[in-house]
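Asks: I am attaching a structure below and will ask some questions about it afterwards.
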Amino acid sequence: MASIGEWHQEREAKLKGPDGWLTLAGLFWLQEGDNSFGSGPDNSLTFPKGKIPGRAGVIKLTGDTVTISINPGVEVLLKGKPVREALVYTSGMDSVPELSHGTLTWFVIKRGNRYGIRLRDLQNDALVHFKGIKRFPVRAEWRVTASLIAHPTPKQIAITNIVGQTSMKDSPGTLIFNLNGQQYQLDALVEAGELFIIFADKTNGIETYGAGRYLYAAIPGPDGTTVLDFNKASNPPCDFVSYATCPLPPRQNFLPIMVEAGEKSYGEYSAIP
């Protein structure tokens, strides 16, 4: 089971990386029109104190377009160069630009019909004080073969995220597998070329994160099977920081057993609903 140890090391390294979840320092939903930002408490978007001037500028939402204006005397970089005004989001953009000031970077995200600013800090408390993720002992019996039963017609399943938004996601099928002589099933999604399973079990809120965990598996081969290794069950980003928009398990993915495998709840920075 050495591969589990390597996977865990890579998992923690990714969390701690510049684009890792531990750098998330803020999530601000934009209102139509002008949204002032800076470290002052009277801003529409209040960035961390001491990391940026009190009044840094204005982020403007107009329909599906977001622009930014920077106040005189404040240096904000876009692609490494100082900027005064810029278009930072519009529908159809190939990539969303990142802006930066000191240790802070921020960019626009869209969730449903809402637009927000996701803020990262390379000296974020969650990163600086990260203490590693506790896990259950690795056990071979939690590594099982599953058959993916494809839906007879294209199917979408409702997925609700931690901020209460529900969207329909394509599902390639249902995974059928056995544990301790009992058969179970989980609806799968596809993410980044892998099966993505959002599941809950009876350890949630006791030893594991209260809102469920995530599991990835390879796309099945010609025989229609894949391996579900619950030793790699991982916590959603929301267990580490309060600024992620984590998808939650659909009702049909609640397992009526205790899955004592994979990551235990981190807890210190969690936002359990």
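The values are calculated or read from the model by the stated rules, or taken from the named source; none is laboratory data. Computed from a prediction, not measured in an experiment: that's the story for all the values here. Virtual Cβ from ideal backbone geometry, glycine too; neighbours counted across all protein chains shown. Just the protein is used for accessible areas: all its heavy atoms, side chains included, with ligands, DNA and RNA removed. Shrake-Rupley method; radii C 1.70, N 1.55, O 1.52, S 1.80 Å.
Asks: Looking only at region 227-242, how many residues end up being part of a loop (DSSP other than H, G, I, E, B) and open to solvent by 10 Å² or more (accessible area, probe 1.4 Å)? Walk me through it before giving the result.
Replies: Start the filter on region 227-242 by keeping residues that are part of a loop (DSSP other than H, G, I, E, B), which leaves 233, 235-236, 240-242.
Filter once more, keeping what is open to solvent by 10 Å² or more (accessible area, probe 1.4 Å): 242.
Final tally of qualifying residues: 1.
Asks: Only residues in region 190-208 that are at pLDDT 95 or above count as the first member; pair them with residues that are hydroxyl-bearing (Ser, Thr, Tyr) and open to solvent by 70 Å² or more (accessible area, probe 1.4 Å), Cβ under 7 angstrom, at least 6 apart or cross-chain, and list the lot.
Replies: Glu194/Tyr216; Leu195/Tyr216; Phe196/Tyr216
Here is a yes/no grid of residues against (1) of a type in the set (A, V, I, L, M); (2) at pLDDT below 95; (3) over 30 Å from Val76 (Cα atoms):
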position	(1), (2), (3)
Ile133	yes, no, yes
Glu141	no, no, yes
Ile149	yes, no, yes
Val163	yes, yes, no
Gly173	no, no, yes
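Asks: Another question about this same structure. Considering region 12-38 alone, what residues qualify as being touching a residue at least 40 places away in the same chain (Cβ under 8 Å), in contact with a strand residue (DSSP E or B) (Cβ under 7 Å, 6 or more places away or on another chain) and among the acidic types (Asp, Glu)?
Replies: If the condition is that a residue be touching a residue at least 40 places away in the same chain (Cβ under 8 Å), in contact with a strand residue (DSSP E or B) (Cβ under 7 Å, 6 or more places away or on another chain) and among the acidic types (Asp, Glu), then no residue fits.
Asks: Hey, another quick one. Hey, does region 10-25 have a residue that's in a loop (DSSP other than H, G, I, E, B) and either open to solvent by less than 50 Å² (accessible area, probe 1.4 Å) or touching a Phe, Trp or Tyr at 6+ places or on another chain (Cβ under 7 Å) (or both)?
Replies: Initial filter on region 10-25 (in a loop (DSSP other than H, G, I, E, B)): 17-20.
Still in the running and either open to solvent by less than 50 Å² (accessible area, probe 1.4 Å) or touching a Phe, Trp or Tyr at 6+ places or on another chain (Cβ under 7 Å) (or both): 17, 20.
Within region 10-25 (the criterion being in a loop (DSSP other than H, G, I, E, B) and either open to solvent by less than 50 Å² (accessible area, probe 1.4 Å) or touching a Phe, Trp or Tyr at 6+ places or on another chain (Cβ under 7 Å) (or both)), the answer is yes, since at least one residue qualifies.
Asks: β-branched (Val, Ile, Thr), open to solvent by 80 Å² or more (accessible area, probe 1.4 Å) and over 30 Å from Met258 (Cβ atoms): does that describe Val128?
Replies: Working: β-branched (Val, Ile, Thr): yes; open to solvent by 80 Å² or more (accessible area, probe 1.4 Å): yes; over 30 Å from Met258 (Cβ atoms): yes.
Considered against the rule, which asks whether it is β-branched (Val, Ile, Thr), open to solvent by 80 Å² or more (accessible area, probe 1.4 Å) and over 30 Å from Met258 (Cβ atoms), Val128 comes out as yes.
Asks: Quick one: Asp121 ticks every box in (1) at pLDDT 95 or above; (2) farther than 20 Å from Asp34 by Cα; (3) surrounded by fewer than 19 Cβ atoms within 10 Å (Cβ to Cβ) except a single one, so which number is it?
Replies: Going through (1) at pLDDT 95 or above; (2) farther than 20 Å from Asp34 by Cα; (3) surrounded by fewer than 19 Cβ atoms within 10 Å (Cβ to Cβ) one by one, Asp121 breaks only (3).
Asks: On to the next question. Inside region 26-42, can you point out the residues that are part of a loop (DSSP other than H, G, I, E, B) and either surrounded by fewer than 19 Cβ atoms within 10 Å (Cβ to Cβ) or among the charged types (D, E, K, R) (or both)? Break it down into steps so the answer makes sense when it comes.
Replies: Here is the first cut: in region 26-42, the ones part of a loop (DSSP other than H, G, I, E, B) are 30-31, 39-42.
The answer is Gln31, Ser39, Gly40, Pro41, Asp42.
Asks: Of all residues being within 30 Å of Gln123 (Cα to Cα) and not in a loop (DSSP other than H, G, I, E, B) in region 243-267, which is least open to solvent (accessible area, probe 1.4 Å)? Just the residue, please.
Replies: In this case the residue turns out to be Glu263.
Asks: Pick out the one residue from Thr145, Thr153 that is modelled with pLDDT of 95 or more and either of a type in the set (Phe, Trp, Tyr) or more than 30 Å from Gly50 (Cβ to Cβ) (or both). Let's see the steps before the verdict.
Replies: Numbers: Thr153 fails: modelled with pLDDT of 95 or more.
Unique residue meeting the criteria: Thr145.
Asks: Among residues belonging to region 189-209 that are part of a strand (DSSP E or B), out of contact with any Pro (no Cβ under 6 Å at 6 or more places or on another chain) and not β-branched (Val, Ile, Thr), point out the one that is surrounded by the fewest Cβ atoms within 10 Å (Cβ to Cβ).
Replies: Glu191
Asks: Assuming Gly181 fulfils every condition listed in (1) of a type outside the set (S, T, N, Q); (2) open to solvent by less than 90 Å² (accessible area, probe 1.4 Å); (3) over 23 Å from Pro247 (Cα atoms); (4) in contact with a helix residue (DSSP H, G or I) (Cβ under 9 Å, 6 or more places away or on another chain) apart from one, which condition is it?
Replies: Exception for Gly181: condition (4).
Asks: Moving on. Here's a check for you: in region 131-142, which residue that is among the hydrophobic types (A, V, I, L, M, F, W, C) and open to solvent by less than 40 Å² (accessible area, probe 1.4 Å) is farthest from Pro48 (Cα to Cα)?
Replies: Residues of region 131-142 that are among the hydrophobic types (A, V, I, L, M, F, W, C), as a first pass: 133, 136, 138, 140, 142.
Next, from what is left, pick out any that are open to solvent by less than 40 Å² (accessible area, probe 1.4 Å): 133, 136, 142.
Details: Ile133: 26, Phe136: 35, Trp142: 42 Å.
Among those that are among the hydrophobic types (A, V, I, L, M, F, W, C) and open to solvent by less than 40 Å² (accessible area, probe 1.4 Å), it is Trp142.
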